[in-house]
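These notes are about the structure you will find just below.
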Amino acid sequence: MRVLRDVKRLSFHRSQDENTPLRRGRRQRLTDRKQRLIIRTLYKLRRTEGNFTARRIMKEVNISETDVSLRTVRRFINSKGFWYLQARKKGLLTDNDRKNRVAFAIKMRQEHGPEYWTDEVEFYLDGVSFAYKINPLDQARAPSGRIYRKKSEGLNQYCTAKGSKVGTGGKVAKFLVAISYDAGVVLCKEYEHMTGQYFASFIDANFDQMFQKSNKATRLFLQDNDPCQNSRVAKSAWERANAELVAIPSKSPELNPAENLFKAVREDLRTEAQEKQIERETFAEFKERVRDKILSFPVPKINNLIESMDKRLRLIIERKGQRLTY
């Protein structure tokens, strides 16, 4: 009898509107509008923040986890072809790159001892960008190096690992930083746009003071192969400052210890955001926090980074020019 009643009930509802399909199963947790907002927000956060979690999307769309589970949102995102995949890193080294790196390492180890990097190179200079996030705590919880993207979007804009420069867009805090053995951070200067002319004026205004803080007598400095920093006008400027560049091979960031400082500062910023539960900060507050972290970086740790230069050269030779972890 119960089966007969159910058949009659279904027949009655279907007779009300023959064109309306009969709905069965559970109620849909995500409305069509919410689904559209999720995908729209995913693209928006990729442009402005780069790294973010599904929970961050839910917060932006105003979806409560008491109404819709995190697992449901993740499954919906996956159903649309977006997966939390590893962001693409820089390209592989060519054979010529590896040969140049090995040749440089052999030459420097033959001509100079370990004390060259601690006693003769006055400072190590590099530029760095830190991507600003409105919610540092949410960003700190996000797994680094991953992004919601389709499998075919690995090289698309906003999908690369180098978020602060070519990937995420949004605001970035840019600094020129120089470190020296036994002197620590000898310069931390904010800048907006790097050009050859700007870097030349930077040299004229700061190099003498940086050499004084480094307190060595060689006037040697090391930097990477940024075209602006090695332009003709920049070379003229460091010649006016009686400075001499220690030129490292291209695609060799591990041969500039300043890169290790930047990595450590990023980790410190993530840790601080979690420990202090920083859920919101202005761009000015973020820049000040970055500057404080750089300037307060311990001198003994900087000394350890610079002392490892000879070991880095040895490892490059042993690994036939392949990249090192740094």
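The values are calculated or read from the model by the stated rules, or taken from the named source; none is laboratory data. Predicted, not measured: the structure shown is a model, and the values here were computed from it. Here the Cβ is made from the backbone with ideal geometry for all residues, glycine too, and neighbour counts use every protein chain on show.
Condition check ((1) of a type outside the set (Phe, Trp, Tyr); (2) assigned to a loop (DSSP other than H, G, I, E, B); (3) at pLDDT 95 or above; (4) surrounded by fewer than 17 Cβ atoms within 10 Å (Cβ to Cβ)) across all residues:
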residue	(1), (2), (3), (4)
Leu92	yes, yes, no, yes
Gln139	yes, no, no, no
Lys165	yes, no, no, yes
Val185	yes, no, yes, no
- Item | Residues that are more than 27 Å from the chain's Cα centre (by Cα), in a helix (DSSP H, G or I) and of a type outside the set (Ser, Thr, Tyr), drawn from segment 235-253 | Lys235, Ala237, Trp238, Glu239, Arg240
- In segment 62-89, what residues are buried (at least 20 other Cβ atoms within 10 Å of the Cβ) and not in a loop (DSSP other than H, G, I, E, B)? Val73
- Query: Regarding Leu261, is this residue in contact with a Lys or Arg (Cβ under 9 Å, 6 or more places away or on another chain), within 27 Å of Glu285 (Cβ to Cβ) and crowded, with 20+ Cβ neighbours inside 10 Å?
  - Reply: yes
- Candidate set: segment 236-256, residues that are touching a strand residue (DSSP E or B) at 6+ places or on another chain (Cβ under 7 Å) and within 16 Å of Met108 (Cα to Cα); chosen: the one surrounded by the fewest Cβ atoms within 10 Å (Cβ to Cβ): Glu244
- Give me the pairs, please: first residue somewhere in segment 279-307 and under 24 Å from Asp119 (Cβ atoms), second residue anywhere and among the aromatic types (Phe, Trp, Tyr) and part of a loop (DSSP other than H, G, I, E, B), beta-carbon distance under 7 Å, and either six or more positions apart or on two chains. Asn303/Tyr181; Ile306/Tyr181
- Could we say that Arg33 is farther than 30 Å from Ser308 by Cβ and at pLDDT below 90 here? no
- Item | Close pairs (9 angstrom Cβ cut-off, 6 or more residues apart or separate chains): more than 16 Å from Val290 (Cβ to Cβ) and of a type in the set (Asp, Glu) in segment 249-266, modelled with pLDDT under 95 and not in a helix (DSSP H, G or I) anywhere | Glu254/Arg323; Glu254/Leu324; Glu254/Thr325; Glu254/Tyr326
- Note on the structure: Taking segment 184-206 and keeping only residues that are in contact (Cβ under 8 Å) with a residue 24 or more places away in the chain and touching a strand residue (DSSP E or B) at 6+ places or on another chain (Cβ under 8 Å), one is left with Val185, Val186, Leu187, Cys188, Glu190, Tyr191, Met194, Tyr198, Phe202
- Query: Taking the stated definitions as given, is Thr325 polar (S, T, N, Q) and under 30 Å from Leu137 (Cβ atoms)?
  - Reply: yes
- Within segment 257-288, restricting to residues that are among the small types (Gly, Ala, Ser) and closer than 28 Å to Ser308 by Cβ, the one that is nearest to the chain's Cα centre (by Cα) is Ala264
- Message: Please go through segment 195-225 and give me each residue that is aromatic (Phe, Trp, Tyr) and in a helix (DSSP H, G or I), ordered by number.
- Response: Tyr198, Phe199, Phe202, Phe207, Phe211
